[in-house]
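First up is the structure itself, then whatever we jot down about it.
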Amino acid sequence: MELRGVILIDLLGFGVAFIGVFISLFFLKKSLFKEQRYLFLYLSILSVTLELLYKTLLYSGIIAYYPSLFLPEHYFNLSIYPLFLFFIWTFTKKEYKLQKLHLFVLLVVICFGAYPYLKSLLISTELKSEMIAKFYEDTRPGPFNYWTTLKTFLQGTLVPLLFLVPMLWSFIIFKRYNLNIKNARLVNLVLATVVIYFCYSQFSNLIYKGLYAMTHYSMIEWPVDIVFLSSLCVLFCVLAMKVNTGSTFFPEQKYATSSIKSNTYDDLITKLRNNIESQKLYLNGKFTLDDLAKSVNTNPKYLSQAINHGLELSFVDFINKYRVEEAKKQLLEADNKVLTLEAIGLKSGFNSKSSFFRAFKKHTSLTPKQFIDNKTSVNS
């Protein structure tokens with residue numbers, strides 16, 4: 001049988017799939033039986049890679065030589081939503097652990113995805129070969145519209161929404177209270193990718209329809225999906241590589257071998273807190289990271305690492321926490337009732353009214369005025 005498909009698309013799909021399988025399995029093996037923040041990322045890569053590999057096998061025509069691999073229907077893509085949800089929760093919820101209910105939901109989705117494969121085992125190889133040959137006849141009146149049946153609507157829209165809604169809610173809460181810049185970058189990227197993936201699955205029919213009108217190739221959805229899934233897989237493979245090679249842009253992976261460094265960080269942070277609190281260094285509005293490093297006899301880069309990894313805070317948020325606590329005390333002082341809120345902020349170490357309000361809201365979820373009103377109503 002002659003191989004089908006565009007050779008460049010085939011090479012792209014198989015090449016990226018090979019990389020995805022290798023990277024996901026390599027890091028999964030490395031994280032086996034260890035506390036691993038990025039476990040769900042590696043499983044997500046594997047999920048996307050399986051979908052990419054299957055579609056490339058089908059589009060290239062190679063699956064005709066291995067009809068036992070043919071699946072009349074498949075749901076690889078569903079598993080990515082719970083995996084993404086749990087991945088986001090590991091960074092938006094403190095000390096998140098996979099609970100029994102979450103594990104049950106994940107198992108249900110995995111079983112749902114495995115069901116078509118188990119069902120296909122009951123189909124004879126001869127019948128599968130006939131189904132493959134019919135598939136390649138390319139006699140459809142354009143790409144299949146996935147919104148036309150209740151089954152595909154449930155699979156492609158309603159089930160993903162069950163996971164997407166709690167993702168968005170966790171993201172909103174996280175953005176409101178989060179103080180960690182690196183975690184925020186990662187969550188922003190992951191959620192944006194999930195939303196793009198979901199939107200693509202919802203509106204890809206429009207893309208297929210437009211391309212079909214230009215090419216009159218009824219199987220146009222396969223190369224389009226292969227290119228999209230390859231891009232997604234490459235993005236997450238790069239992310240997995242970065243967090244495992246000490247990237248400073250995202251939270252780095254925490255392995256058992258980092259315990260010595262963590263202990264050193266703890267010692268430095270203890271010394272840091274003592275100096276800041278005893279000398280009230282945070283009251284200086286022009287206080288910098290270099291000034292702080294000099295106060296504890298270390299270099300700014302190492303100090304920044306200690307604050308970022310030891311406290312999961314940026315230098316600005318670390319100092320602002322002290323300033324906000326000072327502002328809370330100043331706001332409740334009877335002698336300060338004649339002062340404006342801006343004056344209270346300056347007195348607490350902030351350089352401007354806007355930076356004071358922004359930091360106060362971030363750390364307390366209240367404006368300074370709301371804080372005063374709450375305390376007044378409690379005491380009255």
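Taken together, the values in this text are just the output of simple stated rules run on the coordinates, not laboratory data. Since the structure is predicted, the reported quantities are computational estimates derived from the model, not experimental observations. Neighbour counts run over all protein chains shown; Cβ positions are idealised from the backbone, glycine included.
With a cap of 16 neighbouring Cβ atoms within 10 Å, and only residues DSSP puts in a loop, list the chymotrypsin sites (Phe, Trp or Tyr not before Pro) found in region 202-237.
Sites meeting the loop and neighbour criteria: Tyr217.
Would you mind computing, in nm to one decimal, how far apart the modelled labels at Thr367 and Leu121 are, each placed 7 Å from Cα along Cα→Cβ?
Output for this residue pair reads 6.3 nm.
Would you mind calculating the gained length between Ala192 and Trp169 on full extension (0.36 nm times residue separation, minus the Cα-Cα distance), in nm to one decimal?
Between Ala192 and Trp169, full extension yields an extra 6.9 nm.
Using the Kirkwood formula on the Cα atoms of region 262-380, what hydrodynamic radius do you get, in angstrom to one decimal?
15.2
Just rank Ser120, Ser352, fewest to most, by other beta-carbon atoms within 10 angstrom.
Going from least to most buried by this count: Ser352, Ser120.
Rank these for me by crowding, Met214, Met131, going from fewest to most other beta carbons within 10 Å.
Met214, Met131
Tally Lys and Arg at +1 and Asp and Glu at -1 over the other residues with C-beta under 12 Å from the C-beta of Glu333: what net charge comes out?
+3
Jot down the per residue volume, in cubic angstrom and as a whole number, of the convex hull over the alpha-carbon atoms of region 154-246.
In region 154-246, the Cα convex hull volume per residue is 114 Å³.
Mind sorting Phe171, Phe350, Phe112 by how few other Cβ atoms lie within 10 Å of their own Cβ, fewest first?
Phe112, Phe171, Phe350
Under 16 Å from the Cα of Lys286, which lysines turn up, not counting those fewer than eight places away in the same chain?
Lys294, Lys321, Lys347, Lys353
Along the Cα→Cβ direction, 7 angstrom out, place labels at Leu235 and Lys375. What is the inter-label distance in nm?
4.5
Multiplying the sequence separation of Ala334 and Ser68 by 0.36 nm and subtracting their Cα-Cα distance, what value in nm do you get?
Between Ala334 and Ser68, full extension yields an extra 87.7 nm.
With +1 on the Cβ of every Lys and Arg and -1 on the Cβ of every Asp and Glu, and nothing else charged, how large is the dipole of region 7-243 about its Cα centre, in debye rounded to the nearest 20?
The dipole magnitude comes to about 1220 debye.
By how many nm would the segment from Cys199 to Leu11 lengthen if fully extended, with 0.36 nm per residue of separation less the alpha-carbon distance?
Result: 65.1 nm gained on full extension.
Are there GluC sites (Glu not before Pro) in region 295-355 that DSSP puts in a loop and that have at most 13 other Cβ atoms within 10 Å, and which ones?
Glu333
Per the Cauchy relation, a quarter of the hull surface: what is the mean projected area of the convex hull of the alpha carbons in region 7-243, in nm²?
If I average the Cα hull's projected area over directions, I get 14.0 nm².
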